[in-house]
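**Student:** This is the structure, below, for whatever I ask next.
The values are calculated or read from the model by the stated rules, or taken from the named source; none is laboratory data. Here the structure is a predicted model, which is why all the values come from computation and not from measurement. Positions of Cβ are backbone-derived with ideal geometry, glycine not excepted, and every protein chain shown enters the neighbour counts.
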Amino acid sequence: MTARLDPDAVLVAVQFLEQERAKGVRFLRFDPDLAREWEEAAGRLVEGHPIPATPPPPQAALAPAKHSARRSALDALRPKVLACIQCPHLARRRKQVVFGVGNPDAELMFVGEAPGAEEDLQGEPFVGRAGQLLTKVIQAMGMTREEVYIGNVLKCRPDVETPTGNRKPTPAEMATCLPWLREQIKIIAPRVLVALGDTAVKGLCPEIATGITRLRGKWLDFGGTPLMPTFHPAYLLRNPAPAVKRQWWEDMLAVLEKLQRPITEKQRGYFRSVATSRLES
Ligand code: URA
């Protein structure tokens, strides 16, 4: 009997192996369950959804791996998420799945809504304009982007008709993707979660109907982890009024307090007046 190799299945496997090699992985354990999932995924892709080429993993993913049980667990989860085609309409159009980035042992985890065009291209969450603002805020909190973990409710860019247009993920797409995020949160076990924007809050807590303007700044609970709902950085870019920035900053001060991190007087004063504004440039 001659075994026939399916070219799409081979492409999936080669992409996966290249990504693993780029991360410094030299040996792989054979997991029959995972192999079966890949077989099924490739089978469904062959039925009419070509796999786009995968660009190299983001720089952060190439950093030398520090070993921790959480990192290994995330590494084991990653290929499953990358192979996901539960939303075929998203899988068809995505350039890549945006898994999440940062410290597997993070005390603080930010959750956004979904990758945009830049994130889809780079494979890393929050690398566009909104992401640059988020990075500044993390730094203003006295932390680094590498120290926290950043993920999204939806791991694929919502398909759009125009290359520049973004749309919100649908509740059905978020419900389909949520188990992946739940798994990430379970592995990382952050002390505090921050939901960035109304959609992220609704993705994490579909039962909540209140809008973000009334919800922000009030602690919620996500399966035992304190969850701070706050504005999405893109909203701040559209509404850069100092009063709005101050509200966002107060939410971050509450997060620092919850984490029992030291807060300087200077930090307490950010955005109290326009003169102290630091995140505008
Ligand atoms: N907005 C999000 O919600 N997530 C990203 O990764 C980028 C922009």
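**Student:** Considering only region 56-81, how many residues are within 16 Å of the chain's Cα centre (by Cα) and either within 16 Å of the ligand (Cβ to nearest atom) or at pLDDT below 95 (or both)? Please lay out each step first, then the result.
**Tutor:** So in region 56-81, the residues within 16 Å of the chain's Cα centre (by Cα) come out as 57-61, 71, 74-75, 77-81.
Now restrict to residues that are either within 16 Å of the ligand (Cβ to nearest atom) or at pLDDT below 95 (or both): 57-61, 81.
So the answer is 6.
**Student:** Select the helices (runs of 4 or more DSSP H) contained entirely in region 168-281, then report the ones holding at least 1 residues which are more than 28 Å from Gln86 (Cα to Cα) and of a type in the set (Gly, Ala, Ser). Step through it out loud before you land on a result.
**Tutor:** Details: elements: 171-188, 198-204, 212-215, 233-238, 242-258, 265-269.
Fully inside region 168-281 and qualifying: 242-258, 265-269.
**Student:** Here is a follow-up. Is it the case that some residue within region 222-235 is buried (at least 22 other Cβ atoms within 10 Å of the Cβ), polar (S, T, N, Q) and free of Cβ contacts under 8 Å to residues at least 40 places away in the same chain?
**Tutor:** Yes, region 222-235 has at least one match.
**Student:** Yes or no: Ala117 within 11 Å of the ligand (Cβ to nearest atom), farther than 21 Å from Ile188 by Cα and of a type in the set (A, V, I, L, M)? Before the answer, list the steps.
**Tutor:** Numbers: within 11 Å of the ligand (Cβ to nearest atom): yes; farther than 21 Å from Ile188 by Cα: yes; of a type in the set (A, V, I, L, M): yes.
Yes.
**Student:** On to the next question. Specify which of the listed residues (Arg167, Arg182, Arg191) is basic (Lys, Arg), surrounded by fewer than 14 Cβ atoms within 10 Å (Cβ to Cβ), modelled with pLDDT of 95 or more and farther than 14 Å from Pro125 by Cβ. Quick ask: steps written out before the conclusion?
**Tutor:** Values: Arg167 fails: modelled with pLDDT of 95 or more; Arg191 fails: surrounded by fewer than 14 Cβ atoms within 10 Å (Cβ to Cβ).
One residue alone meets the criteria, Arg182.
**Student:** Quick one: which residue in Ala209, Ala241, Ala254 is among the hydrophobic types (A, V, I, L, M, F, W, C) and buried (at least 16 other Cβ atoms within 10 Å of the Cβ)? So that I can check it myself, show each step before the final result.
**Tutor:** On the way: Ala209 fails: buried (at least 16 other Cβ atoms within 10 Å of the Cβ); Ala241 fails: buried (at least 16 other Cβ atoms within 10 Å of the Cβ).
The conditions single out Ala254.
**Student:** Which residues, taken from region 193-217, are in contact with a helix residue (DSSP H, G or I) (Cβ under 9 Å, 6 or more places away or on another chain), away from the ligand (no atom under 16 Å from the Cβ) and farther than 21 Å from Gly269 by Cβ?
**Tutor:** Those that are in contact with a helix residue (DSSP H, G or I) (Cβ under 9 Å, 6 or more places away or on another chain), away from the ligand (no atom under 16 Å from the Cβ) and farther than 21 Å from Gly269 by Cβ: Pro206, Ile208, Ala209, Thr210, Gly211, Thr213, Leu215.
**Student:** Please identify the pairs in which a residue from region 90-117 that is more than 23 Å from Met252 (Cα to Cα) and in a loop (DSSP other than H, G, I, E, B) has its Cβ atom under 6 Å from the Cβ atom of a residue that is more than 13 Å from the ligand (Cβ to nearest atom) and modelled with pLDDT under 95, counting only partners at least 6 apart or on another chain.
**Tutor:** Here the result reads Lys95/Pro52; Gln96/Thr54, each pair linking region 90-117 to a residue that is more than 13 Å from the ligand (Cβ to nearest atom) and modelled with pLDDT under 95.
**Student:** Any residue that is under 11 Å from the mean Cα position of the chain (by Cα) and within 24 Å of Arg191 (Cα to Cα) - is there at least one of those in region 82-99?
**Tutor:** Step one: list which residues in region 82-99 are under 11 Å from the mean Cα position of the chain (by Cα), which gives 97-99.
Next, from what is left, pick out any that are within 24 Å of Arg191 (Cα to Cα): 98-99.
Yes; the residues of region 82-99 include at least one that is under 11 Å from the mean Cα position of the chain (by Cα) and within 24 Å of Arg191 (Cα to Cα).
**Student:** Determine which member of the set Arg145, Arg129 is over 23 Å from Glu173 (Cβ atoms), within 13 Å of the chain's Cα centre (by Cα) and within 14 Å of the ligand (Cβ to nearest atom). First the steps, then the outcome.
**Tutor:** Details: Arg129 fails: within 13 Å of the chain's Cα centre (by Cα).
From the options Arg145, Arg129, the qualifying one is Arg145.
**Student:** Which one of the conditions (1) more than 11 Å from the ligand (Cβ to nearest atom); (2) in contact with an Asp or Glu (Cβ under 7 Å, 6 or more places away or on another chain) does Val97 fail to meet, given that it meets all the rest?
**Tutor:** Tallying (1) more than 11 Å from the ligand (Cβ to nearest atom); (2) in contact with an Asp or Glu (Cβ under 7 Å, 6 or more places away or on another chain), Val97 fails exactly one: (2).
**Student:** Still on this structure, I have one more. Return yes or no: is Glu124 out of contact with any Ser or Thr (no Cβ under 7 Å at 6 or more places or on another chain), closer than 20 Å to Ala195 by Cβ and away from the ligand (no atom under 12 Å from the Cβ)? Walk me through it before giving the result.
**Tutor:** Values: out of contact with any Ser or Thr (no Cβ under 7 Å at 6 or more places or on another chain): yes; closer than 20 Å to Ala195 by Cβ: yes; away from the ligand (no atom under 12 Å from the Cβ): no.
No, not satisfied.
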